[in-house]
1. Note the count of lysine pairs whose C-alpha atoms are less than 20 angstrom apart in the chain, limited to pairs 8 or more residues apart or on different chains.
2. Measure nothing but the geometry: give the 0 to 90° angle between the long axis through the Cα atoms of 26-46 and the longest principal axis through the Cα atoms of the chain, rounded to 10°.
3. Quick one: putting +1 on the C-beta of Lys and Arg, -1 on the C-beta of Asp and Glu, what dipole do you get for the chain around its Cα centre, in Debye to the nearest 20?
4. Sum up the charges of everything whose Cβ sits under 14 Å from the Cβ of Ser129, counting Lys and Arg as +1 and Asp and Glu as -1, but leave Ser129 out.
5. Tell me the label-point distance for the pair Ser30, Ala171, using the 7 Å Cα-to-Cβ offset, in nm and rounded to one decimal.
6. So how tilted is helix 210-224 from the main axis of the chain? Cα-based, degrees 0 to 90, rounded to 10.
7. Just to confirm the filter: which GluC sites (Glu not before Pro) across the stretch 173-228 are DSSP coil and have at most 11 other Cβ within 10 angstrom of their Cβ?
8. Taking only DSSP H segments of four or more residues, each worth -39500 (n - 2.57), what value at 222 nm results for the chain once the sum is divided by all its residues, to the nearest 500 deg cm²/dmol?
Amino acid sequence: MNPRLDTVRVVEAPEGVELGLKVAGPLVRSYAFLIDFVARASIVSAASFVAILGDVGMAVILLLMFTVEWFYPVLFEVYWRGATPGKRALGLAVVRTDGTPVGWPESLLRNFLRTVDMLPVAYATGFLSCVFSRDFQRFGDRVAGTVVVHAPKRERLPELAKAQSRAPGLALTAGEQAAIVEYASRCDGWTTARANELADHLESFTEAKGTEGAKRVVGIARWLEGAQ
């Protein structure tokens, strides 16, 4: 297979779990951008009635335009699993290059650096950066250490349990949460022995081994997915 056509990247999460990330190309990202552009324009347009207030109204509109342009993507990426409405509609998400969820520093950096990607016109720098990047990263992504990927279908957890949802007994980092959810999304493709073997590494956390330990890991993943 031509490596330029292979968009699946295998990375190792901080917990040692391998994640398969299918990076998104510039075309599908452009479609997501257009959806978000329409959404942002609609927000500003809906508030345009304040223009009747004269200079004060125009000031409010300009402030809203600035906020929507620069903080709309940041808020959605941080609070909506890395996806703006446009990305969510096309099954995309922003993650760190190690596959863990994006946070405030990365999202702010990648989005504020759109000022560079826009140059000289029509996002030419960002487009060329994507084309000549193995992982289709625009300039902002390269600096922030992020990548846009095709997000897996999160609602499909394995049959290995229709395991009962269970809250973890302690606080989990973003990386730990991602590793647990990834385990749950892939373990139905493994043998029982392999699933149990990996779950056994979390014995100190789940307080169980073997099939019961695997069920508890999946149960925690279900809780993280919102099946509470």
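What follows draws every value from the coordinates through simple rules; no lab data is involved. Note that this is a predicted model, so its numbers are computed, not measured. All Cβ positions, glycine included, derive from the backbone under ideal geometry; neighbour counts span all protein chains shown.
1. 6
2. Taking Cα atoms only, the helix is inclined about 60 degrees.
3. For this selection, approximately 520 debye.
4. That works out to +3.
5. Roughly 4.4 nm, to one decimal.
6. That helix lies at roughly 20 degrees to the long axis.
7. Loop-located and lightly packed - Glu207.
8. Numbers: 11 runs with 119 residues, N = 228.
Computed mean residue ellipticity for the chain: -15500 deg cm²/dmol.
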